[in-house]
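The values are calculated or read from the model by the stated rules, or taken from the named source; none is laboratory data. Please read all numbers here as calculations on a predicted model, not as lab measurements. In this analysis, Cβ positions are derived from the backbone assuming ideal geometry, glycine residues included, and neighbour counts consider all displayed protein chains. What goes into the accessible areas is simple: the full protein's heavy atoms, side chains included, and nothing from ligands, DNA or RNA. Shrake-Rupley method; radii C 1.70, N 1.55, O 1.52, S 1.80 Å.
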Amino acid sequence: MSQQKYKYVATRPLPTTPNPKMGPRKWAYHQPVRARSTLGTIVRRLMIATIVFLSLLVLAFIVYKLWVDSQAQGLTYAYDAPNLPHNHVALVMGAGLNASGGPSAILYDRVATATDLYKEKKVDKLLMTGDNSETSYNEVEVMRRTAVGLGVPDKDIVLDYAGFNTWDSCYRAREVFGLKAATVVTQKFHLPRALHTCNYLGVKSIGVTADRQHYDTFDNEMRELPALFANAIRVIINDRPRFLGDPVDVDQPQR
């Protein structure tokens, strides 16, 4: 009996291209599995939480600034506006001295604007608030001399020697000088923060712009951003000025 021989052998050809359906499965078996450490997981989650927190903080600050700016729009007047309301006191903010010890251009414009308000009987008293933290640096005395030189009687000028910043000036205007309302005199870049601060602290205020000449305010405008952020922190913690002192009657001469 002879053995049957097969002439043809059926074989399945090998695939010339990899099966795409097997790709992910093949990769899953061939890639090493690395377990995440507990420390790495914590660091990753902290980074995500930090990014989310900072993003929300920036968004909240933008909303806060827009709100402060919108508040100021309806409370801001030109110094010669015919519809400017009358207030008993003008709160004149300090703005630094020049190299020779005189008022800076920005400070001079604030004092000159307050002087015009006084002469037009839009205010009766000028409360000069500024920095006198050193004996060699007396911002408010320079403001007083400038106002007197422009025609304001000395008896109608009141000096706040501890107005080191906007928050302190507005806080002391309420607590030390007993103001319930005021006309805040400062430049346009500063008015929103000044008005917001005074009104928040209970000094019902309107603002008068003191932009009377051309000067570069870019640096001041940039400083307003961190200053407004610091102002928000002081609002949250209800911060108090470094100095308060005994009450002062603005209608009684200081000299």
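Return the only residue of 59, 54 being in a helix (DSSP H, G or I), at pLDDT 90 or above and more than 16 Å from the chain's Cα centre (by Cα).
Result: 54 is the single residue among 59, 54 that is in a helix (DSSP H, G or I), at pLDDT 90 or above and more than 16 Å from the chain's Cα centre (by Cα).
Residue 165 versus (1) modelled with pLDDT under 95; (2) under 17 Å from residue 89 (Cα atoms); (3) of a type in the set (S, T, N, Q): which is the lone unmet condition?
Exception for residue 165: condition (2).
Touching a residue at least 40 places away in the same chain (Cβ under 8 Å), surrounded by 15 or more Cβ atoms within 10 Å (Cβ to Cβ) and either under 25 Å from residue 103 (Cβ atoms) or over 20 Å from the mean Cα position of the chain (by Cα) (or both): is that true of residue 189 in this structure?
No: the conditions fail for residue 189.
Inspect region 156-172 for any residue being at positive phi and over 20 Å from the mean Cα position of the chain (by Cα) and give the result as yes or no.
no
Against the condition of a type outside the set (Ser, Thr, Tyr) and part of a loop (DSSP other than H, G, I, E, B), how does residue 243 come out, does it pass?
yes
Which ones in region 112-145 are hydroxyl-bearing (Ser, Thr, Tyr), within 18 Å of residue 89 (Cβ to Cβ) and either free of Cβ contacts under 8 Å to residues at least 40 places away in the same chain or in contact with a Phe, Trp or Tyr (Cβ under 8 Å, 6 or more places away or on another chain) (or both)?
113, 115, 118
Please specify each residue of region 194-222 satisfying the condition of being part of a helix (DSSP H, G or I), at pLDDT 90 or above and open to solvent by 80 Å² or more (accessible area, probe 1.4 Å).
Scanning region 194-222 gives a single hit, 200.
From the list 117, 179, exactly one residue is surrounded by 18 or more Cβ atoms within 10 Å (Cβ to Cβ), over 19 Å from residue 253 (Cβ atoms) and among the hydrophobic types (A, V, I, L, M, F, W, C). Which is it?
117
Taking only region 78-105 into account, find how many residues are touching a helix residue (DSSP H, G or I) at 6+ places or on another chain (Cβ under 7 Å) and hydrophobic (A, V, I, L, M, F, W, C).
Residues flagged as touching a helix residue (DSSP H, G or I) at 6+ places or on another chain (Cβ under 7 Å) and hydrophobic (A, V, I, L, M, F, W, C) within region 78-105 amount to 6.
What's the number of the condition residue 236 fails, among (1) aliphatic (A, V, I, L, M); (2) outside any loop (DSSP other than H, G, I, E, B); (3) open to solvent by less than 80 Å² (accessible area, probe 1.4 Å)?
Unmet condition: (3).
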